[in-house]
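The values are calculated or read from the model by the stated rules, or taken from the named source; none is laboratory data. From a predicted model like this one, the values you see are computed outputs, not experimental measurements. Ideal geometry is used to build each Cβ from the backbone, glycine not excepted, and the neighbour counts take in all protein chains shown. Remember, those area values only see protein heavy atoms, side chains included, never the ligands or the DNA or RNA. Shrake-Rupley method; radii C 1.70, N 1.55, O 1.52, S 1.80 Å.
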Amino acid sequence: MMQTAPFYQPPLATTPTSNAPMGDSTRASVNHLLAGACSTPCSTAAQTFVQIVPPLSRFQLALDVLMPMLDAPIELTQRILVSYILYSLYAPHPISINPFKTVLYATFVRERDSAVQVANSGGVSESEQLVWVLFKILKGDGSDIGPFSPNTLARSPLPPKLRAANLTLEDEAPTQKFAESATREGTLREEDSEKYSRAATLLLAARDRVLTLSEQRIVLSMIAHLSSPPIITSVDLPSILATNPALGHPLTAALLASASETGTEPYLDVLKRLPPILPSFDLIGRLLRDSTGVADFSTGGRTTIADLVRTEVLGWFLHECVSWLDRAEQDEREGNISDDRFPKGVQNLCRFYNSLIKLAIVDPASDADSAEMAHFTLRNSRFEEANALYRVLVMGKF
């Protein structure tokens, strides 16, 4: 990924100490749950799991304890329960961005193929029910499984149309892609699972606290794996950008580059609404110079991050900055704020726009590019930076 000098360099923030590692008692409690919850509804067991395991430890424990159980020689009921819990941890979001989708898909394909071989020999595989459960989860209907216990699911006979041989997914055309992803994840688990688990836990923690420099390096070293499939969603991105701006460019670029089924729009929408502060200008500036290739979902072809952000984000971002500053000015007039956010914001926005002109990213002679900024700078021409930019914009039209 192309490295560029920053538009602005935000100051380093102070860093609190990291969270303590997950204790053996938590693992023991989870193992006890998995052994004894097969007669209770899957949704109840999943809720108990969430209550037992602290938020910042859930992904790591799921990676270290639950995921290996998918392929382990254990009771079918436990494999069904583990599948449901891995799904339920990200149930509020589409299954397409569940970080465990790849391994769930790989298990589905492997168990289905095995069940089909048994059926072709005249038998019935004991994993038929597991295949159906995984099919429901990957199809996006995992919530239908919640009311049933693993015991019920494992013992319920399936009608012929729901047997493994008849279960295919709509997105099964890119099977090779998923197989390659599963292989990559498998290699990662064998060679670097501890580092990946640590990085994923830190990235989730980055929503709520500032990471230390060493913690940031751990996350950045695994950024490609953390974004494909993504560990976080677009809902998490604003808090990470606000709390850990140093992760902003590499993380956002990786999410845009790896976006597939969900597209880039959720991430672009976050960028459009960033506040007019130095880290925001630095992030947008870096992205506008990033030549990394990404999918263009509007045309079905390819483009670059720079072109994508230029066409889909920049205009909206500038408009939102102006609106934000207009509100800040109104609050200042009414005595609701007493800090310098408005004059500082005007100064920084004007400097940022000047940088865009110098880099030929925007054209001062184009009304489409500069009309709103010309109006904004004229209104605020009492500030030196706004006055200077207004003169540049006016001269550019003649």
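If I stretch the segment between THR168 and ARG351 completely, what's the gain in nm (0.36 nm per residue apart, minus their alpha carbon distance), one decimal?
60.4 nm
Does the range 323-398 come out rounded, prolate or oblate, given a ≥ b ≥ c as the square roots of the eigenvalues of its C-alpha gyration tensor, rounded meaning a/c under 1.5 and, failing that, prolate meaning a/b above b/c?
Because a/c hits 1.5 or more and a/b exceeds b/c, the range 323-398 counts as prolate.
Grab the DSSP H runs of the chain that are 4 residues or longer, score each as -39,500 (n - 2.57), total them, divide by all residues and round the 222 nm result to the nearest 500 deg cm²/dmol.
The helix contribution divided over the chain gives -18000 deg cm²/dmol.
With point charges of +1 on the Cβ of Lys and Arg and -1 on the Cβ of Asp and Glu, referenced to the Cα centre of the chain, which listed residue (SER214, ALA295, LEU271) lies farthest in the positive direction of the dipole?
Towards the positive end, the residue furthest out is SER214.
How much accessible surface does ILE74 have with a 1.4 Å probe, in Å² rounded to 10?
60 Å²
Could you please put GLU385, GLU332 in sequence from largest to smallest accessible area, using a 1.4 Å probe?
GLU332, GLU385
For TRP132, TRP324, give the ranking by accessible area with the largest first, probe 1.4 Å.
Largest accessible area first, the list is TRP324, TRP132.
Looking at the chain, how many pairs of lysines come closer than 16 Å at the Cα, when each pair is eight or more places apart or spans two chains?
For the chain, qualifying lysine pairs total 6.
Given the whole protein assembly as supplied and a 1.4 Å probe, what does the accessible area of HIS32 come to in Å², nearest 10?
140 Å²
What figure, in Å² to the nearest 10, do you get for the accessible area of ASP208 with a 1.4 Å probe and non-protein molecules left out?
120 Å²
At a 1.4 Å probe radius, which order do SER366, SER214 fall into by accessible area, largest first?
SER214, SER366
Listed highest first by mean packing, meaning other Cβ atoms within 10 Å per residue, what order do 196-202, 270-276, 139-145 come in?
Taking the mean over residues of other Cβ atoms within 10 Å, the ranking is 196-202, 270-276, 139-145.
Given 0.36 nm per residue, what is the gain on full extension from SER156 to VAL235 after removing their alpha carbon distance, in nm?
Going from the current span to full extension adds 24.6 nm.
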